[in-house]
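Nothing in this text is a laboratory measurement; each read-out follows from the coordinates by a stated rule. Note that the structure is a prediction, hence the values are computed from the model and not measured. Backbone-built Cβ (ideal geometry, glycine too); neighbour counts: all protein chains shown.
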Amino acid sequence: MTPNAARSADTPGPHTGWGWLPAAAFCAAYVLLDWASYIDPLHHLNITPWNPAPALGLLYLLRRGPGGPLVLFLAIVATDLVVRDLAASLPLILMLGALLAVGYSAIAVTMRRYVPDSGMFADRSGLAKWTAIVVFGALFNGLLFVSALVALGLISPADWHNAVLRFWIGDAVGVFVVFPLLWWLQDRPGRRIFRQAVLRLESVGYVGLVLAMLWLVFATGGAGESRYLYALFLPVVWAASRQGLLGAVFCSSLLQLGMLLAGALWDISTVSVFELQIRALLIAGVGFVIGTAVDEQRRAAAELKQSLRLAAAGEMAAALAHELNQPLTALAAYGAASELLVEKEGGSSQLRDVIRRMVGEAGRAAEVVRRLRDFFRTGATNLERFALSELIDAAAGPFREKAATRGYELRVGPMPETQLHADRLQIEVVLRNLLSNAADAVEARPAGSGRIEITAELLGGDQLCLRVADNGPGLATALLEGAFEPFVSTKSSGLGLGLAISRAIVEAHGGRLVAEPADHGRFALYLPIDPVKNSRHG
């Protein structure tokens, strides 16, 4: 599971007051990271064998931090003034800083366009696209930046080729190794998943093997011999094969730091820091490919298992639907007969209203059962266009009535004015199931302190995210994915079919239903929307 789906920071915060604190913190972190990696520079320029600061800058741009490219430009200029003894005037420093800020901004825009958050490290296709953008983006930046340095007379034309190669490798290695780590550590869900993956006894073995291989390669004097290079692959391959991409990211970061420290501790004349970085790039690349392949294989196995269990759940649901159909039809008929008797013999308006509502709910239940039966038999959906606000009102209505008597508060946040093209009844079933689970979760809280909240936001103009959150005990991280398996339930009276059926319905609509890591219960429902149709209704 990745935290990508749980991130909703697609819109920047306010650009005033406290909103600028993240920008100031970013600038400070950027300068500190650049200072820590200012190793073996070329002519005191921003050309080093390892340049991880742009990874932080790209993440800031992708998360649309306050100020965006302007803040990145200020951070780059600050590093030139604070870290480097650059023999250039302030206007030249500003011009070079602007050139780099534009280049990194172009890389960030390309990533956002071709590699969405949910697919950046989800599969080999996303990894390949991200890698190509990093490698060719770093090369383009290197050509542009070094050519500007030559034109300004800061380096000689004879050094152009060497400077471009060093800038390219330094930026590519810095971003390639550091960016995935920052990606996982940027928010609470990612940190929780990463921490759970690496804080295992097995991780001690990774660290030990990394130290052993570094000692073998460097302390024994074999760093300059290519046959020792393969030893450095062992810990990364092991971690990637065991823990997927997370293990590869963790071990690659350890090796990166270890190789730099080893190069500083031992005087190695046979290999340069630049050559070490090329090796680090190769090792990380192999680890990421293996880790992503392992993640894909595990997902495929989990999906197959889920499909088989869901098929069994579908058979049971279809059988239940068949058995329930007759009683519900009879209930509706008895209700209609009761209405006729009340009309003939007289009765209070309150009684007539109760009978009318009973008949309506019986008819609705029969329709839900029929549609679910058809869905599991043939995958049929009855698509229609409807407003999001109407869906929320219909799904939340029964729970508003129960909120006061059951001692919880139901809040509905502002809903975007958008329309959905889906099977309204099926999506309503999903929402009601999530609300029912939330209501059960807050029952254990003291009377009046339970809270359920429904929020919605548009993501990128073509996706809607609905969240149902409660302040109940929530699910342990280890149980998040298992919650969607058929016949798995935390309630003694539950069959464990509600979330499994809900996810199947949502995926049939091209969406996703996920349980997000949080201190309390929080489920996110992602549904595609038609931006063209919604622009007409907006």
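Under Stokes-Einstein, with the Kirkwood radius over Cα pairs as Rh, the value for region 65-144 at 4 °C and 1.567 mPa s is 93 µm²/s. Going toward the positive end of the dipole of region 23-136, with +1 on Lys and Arg Cβ and -1 on Asp and Glu Cβ, which of Leu32, Leu81, Thr110 do you reach last? Of the candidates, Thr110 comes out farthest on the positive side. Mind running the shape call on region 108-243? Use the C-alpha gyration tensor, a ≥ b ≥ c as the square roots of the eigenvalues: rounded below 1.5 for a/c, prolate if a/b tops b/c, oblate otherwise. Taking the square roots of the gyration eigenvalues as a ≥ b ≥ c, region 108-243 is oblate.
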